[in-house]
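Below is one structure, written out as structure tokens; comments come after it.
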Protein chains: 2
Amino acid sequence: MTNPTRKRNTWQREAVRGALGADDGFVSAQGLHSVLRESGSPIGLATVYRALADLATEGEADSLQSPEGESLYRACTPGQHHHHLICRNCGLTVEIEADAVERWAQSVAAEHGFTQPNHVVDVFGLCAACSQAR
Amino acid sequence: MTNPTRKRNTWQREAVRGALGADDGFVSAQGLHSVLRESGSPIGLATVYRALADLATEGEADSLQSPEGESLYRACTPGQHHHHLICRNCGLTVEIEADAVERWAQSVAAEHGFTQPNHVVDVFGLCAACSQAR
DNA sequence: GTACTATTGATAACGAATCTCATTACCGTT
DNA sequence: AACGGTAATGAGATTCGTTATCAATAGTAC
């Protein structure tokens, strides 16, 4: 049946995946682009945006909006649904489990007749280090 | 001591407050501006942005980011901390209590040494009506 | 190698939100 | 009721993150 080509492997996508995995916090598309360029890669900005969007829809990356409205991305272990504890000063991120919250969101949605709940649960704060530095 | 003037009452602010209270879902600044203009008000867009930002900091309005990154506002009863269940199709909003989630956010932040937790807990879904319409 | 076409990337376009600054008008004071 | 200091307004310009355009490039199947 000559498997129809659906996705091609390019060094650009690998570069984005690699750079995303190398960072342990949330990064913006522009930030990631800068990092890649500074490390010598001639990758284009639009490509970084596209790669990140793809990774996010494929479940290989988590995405969220910073309080300022920027889209931020972070590599994650696929298949796992989890939330984050993020330092609003240095960007340090801790993955947190929230089974209880999952169930709560589901039930609260169902209670009011809502379907396809898509919850946003993230905690921004100051990490221990940044707290002390003040 | 001739109490120094700090805030002035203008019909523009009242108009924004009124329009915000008249809507029972979350609205964008631009949306609210359109509504006001269509109802004959010559209010300016920048003023709507400023009024909404003020209302939000004064605790008279809740604000959140839509999944698309837009800032949305909604009138709320001051002093009460609550979260929302929002229809991503029609904007219908239900205020939900989440004491359990409050405590969870606090404790999870403390567990990891984070201070000043500022959690974002909102559930987007399809309301009963919009679910049926599909 | 060749052909087909998904992907790339420089740049233009878009849109939400903010800034500028001259004008307006609120409000305490006279 | 008029005055004056100044907060507030608003039209337009500006910023900045993100997406669209489209010709050129480069995977992949054959």
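The values are calculated or read from the model by the stated rules, or taken from the named source; none is laboratory data. All values derive from a computational prediction rather than experimental measurement. Glycine also receives a Cβ, built like all others from the backbone with ideal geometry; neighbour counts cover every protein chain displayed.
Here are the numbers for this structure:
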{"read-out": "Residue count, the range B:9-28 (criterion: without any contact (Cβ under 8 Å) to a residue 60 or more places away in the chain and more than 12 Å from DNA strand C (Cβ to nearest atom))", "value": "8"}
{"read-out": "Any hit, the range A:29-37, residues being within 14 Å of chain B (Cβ to nearest Cβ), at pLDDT 95 or above, away from DNA strand C (no atom under 13 Å from the Cβ) and not in a loop (DSSP other than H, G, I, E, B)", "value": "no"}
{"read-out": "Selected residue (only one of B:Thr57, B:Thr93, B:Thr77 is touching a residue at least 24 places away in the same chain (Cβ under 8 Å), within 14 Å of the chain's Cα centre (by Cα) and more than 7 Å from chain A (Cβ to nearest Cβ))", "value": "B:Thr93"}
{"read-out": "Complete set of residues in the range B:47-83 that are crowded, with 16+ Cβ neighbours inside 10 Å, within 16 Å of DNA strand D (Cβ to nearest atom) and either part of a strand (DSSP E or B) or of a type in the set (A, V, I, L, M) (or both)", "value": "B:Val48, B:Ala51, B:Leu52, B:Leu55, B:Ala56, B:Ala61, B:Gln65, B:Ser71, B:Tyr73"}
{"read-out": "Yes/no for B:Arg8 being out of contact with any strand residue (DSSP E or B) (no Cβ under 9 Å at 6 or more places or on another chain) and under 30 Å from B:Asp122 (Cα atoms)", "value": "no"}
{"read-out": "Selection status of A:Val108, at the interface with another protein chain (Cβ under 9 Å from one of its Cβ atoms) and aliphatic (A, V, I, L, M)", "value": "yes"}
{"read-out": "Filtered residue count, the range A:101-110, keeping only those that are surrounded by fewer than 20 Cβ atoms within 10 Å (Cβ to Cβ) and either touching a Gly at 6+ places or on another chain (Cβ under 6 Å) or acidic (Asp, Glu) (or both)", "value": "1"}
{"read-out": "Any hit, the range A:85-106, residues being over 19 Å from B:His119 (Cβ atoms) and not β-branched (Val, Ile, Thr)", "value": "no"}
{"read-out": "Residue ID - surrounded by the fewest Cβ atoms within 10 Å (Cβ to Cβ), chosen from residues in the range A:111-134 that are assigned to a helix (DSSP H, G or I) and within 7 Å of another protein chain (Cβ to nearest Cβ)", "value": "A:Ala128"}
{"read-out": "Qualifying positions in the range B:38-67 - within 24 Å of B:Leu126 (Cβ to Cβ) and within 12 Å of DNA strand C (Cβ to nearest atom)", "value": "B:Ser63, B:Leu64, B:Gln65, B:Ser66"}
{"read-out": "Condition broken by B:Val120, with the remaining ones in (1) closer than 25 Å to A:Ser131 by Cβ; (2) without any contact (Cβ under 8 Å) to a residue 24 or more places away in the chain satisfied", "value": "(2)"}
{"read-out": "Only listed residue being away from DNA strand D (no atom under 12 Å from the Cβ) and out of contact with any Leu (no Cβ under 6 Å at 6 or more places or on another chain), chosen from A:Gly31, A:Gly21", "value": "A:Gly21"}
